[in-house]
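The values are calculated or read from the model by the stated rules, or taken from the named source; none is laboratory data. Not measured: the values here are computed from a predicted model. All Cβ positions, glycine included, derive from the backbone under ideal geometry; neighbour counts span all protein chains shown.
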Amino acid sequence: MNENGLDMVLMVLFGGAGLVLLVAGFILPYMASDRVLAAIGGALGIGFAVFQAVRHHRLHQREDASVPVEVPAGEPH
C-alpha cells in the first residue's frame, strides 16, 4: 500500500508543531516546568519528522535501485 501522501502530511504537521512548541516554549513567559515540557514535546515532534524523512528517503532509494537480470540466449518459447 502506497502511503507517501500520508507520510508527507505527518512529517509537515509534526515538524511544524514541534517548531511552534520549541519557539513558544522559549519566547513566551512560561514557568520552568512548562518550558521543559514544551521543549520535550517540540523535540519529539521534530525528531519524528526527521525520522520519517530519513526512512522515506531510504525506502525511495531502495525502490530505485536497478537489479541486473540475466537472460539466457536460446530458443524463444
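Quick look at the values:
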item	result
Residue selected from the range 54-77 under the condition outside any loop (DSSP other than H, G, I, E, B) and modelled with pLDDT of 75 or more, by the criterion surrounded by the most Cβ atoms within 10 Å (Cβ to Cβ)	56
Exclusive hit being within 20 Å of the chain's Cα centre (by Cα) and among the aliphatic types (A, V, I, L, M), set 32, 43	43
